[in-house]
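To start, the structure itself, in structure tokens.
The values are calculated or read from the model by the stated rules, or taken from the named source; none is laboratory data. Nothing here was measured: the structure is a model prediction, and the numbers come from that model. For neighbour counting, all protein chains shown are included, and Cβ atoms are generated from backbone atoms with ideal geometry for every residue, glycine included. Areas reflect the complete protein model, heavy atoms only, side chains present, ligands, DNA and RNA absent. Shrake-Rupley method; radii C 1.70, N 1.55, O 1.52, S 1.80 Å.
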Amino acid sequence: MSDASFEDGRERPLNLGAYEAADLEVISSLVQDAVFPVTEMSWRASARRFAILMNRFRWEDRPAAERRGRAYERVQSVMVVDNVLGIASQGIDRSDKNVILSLLSVIFEPGEDGAGHLLLTLAGDGAIRLSVEALDVTLKDVTRPYRAPSGHVPQHGD
């Protein structure tokens, strides 16, 4: 009996959770270069929940696309952060409803007793900082994959 390989995996929508910094690194790598309109960010203070509906490049599918000579894909995904106590941003003009943002990374800056800050770094010097009581992030694909409009692997800021 041999170990399973990456190629053995079936294509399924992602549904991942991160409760530790190492888990968040996986989510960060999957949402790198995701794009979304500024209007697709939502913070519900009463529910202590922040969410983004994004169009993410399917990094996990890149090797198969290259091997099979087919188009690169994107998919709509929702990233939800729970236990949010506060939010701050810089370099984002929320009054311009036509702004498209590009996510570069998501990192956790630990504080006391599991609390800390989640830093979402955006292309063009923008950033969102979430104060969280505990790290609780989910990433879930919500549509079928579609052909990436650019036709190529994203470069930061695409």
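Tabulated results
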{"read-out": "In region 38-67, residue nearest to the chain's Cα centre (by Cα) [restricted to those that are loosely packed, with under 15 Cβ neighbours inside 10 Å and not in a helix (DSSP H, G or I)]", "value": "Ser42"}
{"read-out": "Residues of region 53-78 that turn out to be aliphatic (A, V, I, L, M) and touching a helix residue (DSSP H, G or I) at 6+ places or on another chain (Cβ under 6 Å), as a count", "value": "1"}
{"read-out": "Identity of the residue in region 135-158, in a strand (DSSP E or B) and of a type in the set (A, V, I, L, M), that ends up farthest from Ala45 (Cα to Cα)", "value": "Leu139"}
{"read-out": "Some residue of region 118-134 being of a type in the set (Lys, Arg), open to solvent by 40 Å² or more (accessible area, probe 1.4 Å), in a strand (DSSP E or B) and in contact with a strand residue (DSSP E or B) (Cβ under 9 Å, 6 or more places away or on another chain)", "value": "yes"}
{"read-out": "Of the criteria (1) open to solvent by 70 Å² or more (accessible area, probe 1.4 Å); (2) more than 24 Å from Val38 (Cβ to Cβ); (3) touching a Pro at 6+ places or on another chain (Cβ under 7 Å), which one Arg70 fails", "value": "(3)"}
{"read-out": "Residues that are open to solvent by less than 60 Å² (accessible area, probe 1.4 Å), part of a loop (DSSP other than H, G, I, E, B) and either closer than 17 Å to Asp125 by Cα or touching a residue at least 60 places away in the same chain (Cβ under 8 Å) (or both), drawn from region 74-97", "value": "Ile92"}
{"read-out": "Yes/no for Leu103 being modelled with pLDDT of 95 or more and either open to solvent by less than 30 Å² (accessible area, probe 1.4 Å) or not in a strand (DSSP E or B) (or both)", "value": "yes"}
{"read-out": "Subset of region 14-32 (residues that are at pLDDT below 95 and open to solvent by less than 40 Å² (accessible area, probe 1.4 Å))", "value": "Leu14"}
